[in-house]
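The values are calculated or read from the model by the stated rules, or taken from the named source; none is laboratory data. Only a predicted model underlies this, so the values are computations on that prediction, with no experimental measurement involved. Cβ placement follows ideal geometry from the backbone for every residue including glycine, while neighbour counts extend to all protein chains displayed. SASA here: full protein model, heavy atoms, side chains in, ligands and nucleic acids out. Shrake-Rupley method; radii C 1.70, N 1.55, O 1.52, S 1.80 Å.
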Amino acid sequence: MRSFSRRLLLATTILPLHQAFAADRVATPAQTEGPFYPVAFPADSDNDLVQVRGQAARAMGTILHLQGRVLDGSGAPMTGAMVEIWQCDSQGLYDHPGQAGRERRDSAFQGYGKVLADAQSSYRFRTLKPVAYAGRTPHIHLKVATANGRRLTTQFYLAGDPQNERDFVYRAIRDARSREQIEMRLQPANGLEAGAFATTMDIVIA
Ligand SMILES: [Fe+2]
């Protein structure tokens, strides 16, 4: 009886410590999938959305190199994760049957891409700096599926964009540290591509 209660005491003192370690990384908050996830995937679904295979033209818009790692709550790499992104073109048009004016969209923009995170759990996309469309602040949609069956759907925003505070999806995230996890801080992609931007966004699935 005595040893049992000692074990109980140990368990209650160790647990909060463990939780403190697990909280080292703030989880990337989930966000709505929205209405424009592809119903049919483009023939070219790779991680370069700016260049469609078989087309000479490059997508219109400002290029953004989006990269990062998929991590668990303790910061450990989650290898084998599949990362998907989708977004509108430089005119604000999605490649989706529910998109009014879809026929005017930039066919040189892939609109959707996916990549399997590598052995270091790193992922990388060449895509566009997102633009606003009616009712929404600029954003990139993401879905992540880990090898152990975890799922996360969310959206990435441009840090400091004045339209964020008026966006009903962005505003649903109240916590400042959670917001940091979905705000992209852009820097010139020096040495990578002239005129392009780059950002590093770790995805934390806690
Ligand atoms: Fe959207």
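Checked against (1) at pLDDT below 95; (2) under 23 Å from residue 186 (Cβ atoms); (3) open to solvent by less than 70 Å² (accessible area, probe 1.4 Å), residue 25 passes all but condition (3). Taking residue 26, is it more than 16 Å from the ligand (Cβ to nearest atom), in contact with a strand residue (DSSP E or B) (Cβ under 7 Å, 6 or more places away or on another chain), of a type in the set (A, V, I, L, M) and over 15 Å from residue 153 (Cα atoms)? Answer is yes for this residue.
Here are some residues: 137, 146. Which one is modelled with pLDDT of 95 or more and touching a Phe, Trp or Tyr at 6+ places or on another chain (Cβ under 7 Å)?
137
Residue-by-condition table, conditions (1) free of Cβ contacts under 8 Å to residues at least 12 places away in the same chain; (2) open to solvent by less than 10 Å² (accessible area, probe 1.4 Å); (3) not charged (D, E, K, R):
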position	(1), (2), (3)
140	no, yes, yes
149	yes, no, yes
155	no, yes, yes
162	yes, no, yes
172	no, no, yes
183	no, no, no
187	no, no, yes
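Among the residues of the range 50-70, those identified as closer than 17 Å to residue 155 by Cα and of a type in the set (A, V, I, L, M) are 64, 66, 70. Among the residues of the range 101-130, those that are of a type in the set (A, V, I, L, M) and either within 11 Å of the ligand (Cβ to nearest atom) or buried (at least 22 other Cβ atoms within 10 Å of the Cβ) (or both) comprise 117, 128. Quick one: in the range 76-100, of everything that is open to solvent by 20 Å² or more (accessible area, probe 1.4 Å) and small (Gly, Ala, Ser), which residue is farthest from the ligand (Cβ to nearest atom)? Of everything passing the filter in the range 76-100, 76 is farthest from the ligand (Cβ to nearest atom).
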